[in-house]
Amino acid sequence: MRDHTKAFCKLATETFDCPGPVYEFGSYQVEGQLDYADLRSLFPGKPYVGCDMRPGPGVDRVEDVSKMTIGDNEAGTVLCIETFEHVFEVRRAFDEVYRILKPGGMFIFTSPLNFRIHGYPDDYWRMTPSCLRRMISNYDARLSGFQGYHKFPHTVMAVAFKAPAPADFAARAGRFSTVYDAWLKKARLERPFNIRMKEAVGRIYRSKGERYQTDHYYNADLTLDIGHVSLAQAG
């Protein structure tokens, strides 16, 4: 889990009303991320079930997200933060998440695009913003897009509600985009001095494409969709 994807999830929980119970898929906390990757504290007072394909730190229930034993309409909120790149039957996993969500349920999703192969225990997929947008098109209301350079973003992300979506989803989505942009701006400004110096020196020998990646790393572009209609660029 990277800082910006954790922030995306945290700000989503602060902006939208997240129904319970909460199911997280990909909850196994790999070495070096113990406690940091624990998202439970973002949902105080709500039943929380950490799921993964293998037992271990952060896992309450062993589940294959592409073939769940969870019944229809049982989950209020589903989290898949940096998870679906590790799921081979990825289209089936999207269908399964939709199936277990209650009417009015919420789906919070992030996944890397321009990122190294990382096997936990394996790594299969990278999806474009257009792919993600189509994968969640059956949800009643969606805010989806990417972060990074628009020709090759490093992350895709989304917040989506199964029908019936909250009546104020569009207004909350706008607020969310504003606070996420503010978080990204702050994170960029607060980079350690040695990182900023390394980037400055690196510009001398890096390609134009690599410089674009660095320059736009903290840029986010999110699109708001209600039903089958795209309403606006939200960020």
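The values are calculated or read from the model by the stated rules, or taken from the named source; none is laboratory data. Everything numeric in this text was worked out from a predicted model, so none of it was measured. In this analysis, Cβ positions are derived from the backbone assuming ideal geometry, glycine residues included, and neighbour counts consider all displayed protein chains.
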Quiz item: Within the stretch 196-235, which residues are modelled with pLDDT of 90 or more, within 21 Å of the chain's Cα centre (by Cα) and within 21 Å of GLN147 (Cβ to Cβ)?
Solution: GLN213, THR214, HIS216, TYR217, TYR218, ASN219, ALA220, ASP221, LEU222, THR223, LEU224, ASP225
Self-check item: Test: GLY202 is surrounded by 15 or more Cβ atoms within 10 Å (Cβ to Cβ) and not acidic (Asp, Glu)
Solution: no
Quiz item: Considering the stretch 139-188 alone, what residues qualify as being aliphatic (A, V, I, L, M), crowded, with 17+ Cβ neighbours inside 10 Å and under 16 Å from ASP3 (Cβ atoms)?
Solution: MET157, LEU184
Quiz item: Which number in (1) within 22 Å of ALA12 (Cβ to Cβ); (2) under 19 Å from the mean Cα position of the chain (by Cα); (3) not polar (S, T, N, Q) marks the one condition that PRO164 misses?
Solution: (2)
Quiz item: If the Cβ limit is 9 Å and pairs must be 6+ apart or interchain, which residue in the stretch 181-195 that is under 16 Å from THR214 (Cβ atoms) pairs with which residue that is surrounded by fewer than 11 Cβ atoms within 10 Å (Cβ to Cβ)?
Solution: ALA187/ASP3
Practice problem: Return only the number of the condition from (1) within 22 Å of TYR48 (Cα to Cα); (2) without any contact (Cβ under 8 Å) to a residue 40 or more places away in the chain that ALA171 does not satisfy. | Solution: (1)
Quiz item: Quick one: would you say THR77 is within 20 Å of PRO166 (Cα to Cα), of a type in the set (Ser, Thr, Tyr) and in contact with a helix residue (DSSP H, G or I) (Cβ under 8 Å, 6 or more places away or on another chain)?
Solution: no
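So that you can scan it fast, the table gives a plain yes or no per residue for (1) aromatic (Phe, Trp, Tyr); (2) over 22 Å from HIS216 (Cβ atoms); (3) touching a Lys or Arg at 6+ places or on another chain (Cβ under 8 Å):
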site	(1), (2), (3)
ASP52	no, yes, no
SER66	no, yes, yes
ILE70	no, yes, no
VAL78	no, yes, no
GLY104	no, yes, yes
ASP123	no, yes, no
CYS131	no, no, no
LEU143	no, no, no
Quiz item: Within the set of pairs 6 or more residues apart or between chains, which connect a residue that is within 19 Å of MET1 (Cβ to Cβ) inside the stretch 55-69 to a residue that is among the polar types (S, T, N, Q) with Cβ atoms less than 6 Å apart?
Solution: PRO57/GLN29; GLY58/SER27; GLY58/GLN29; VAL59/SER27
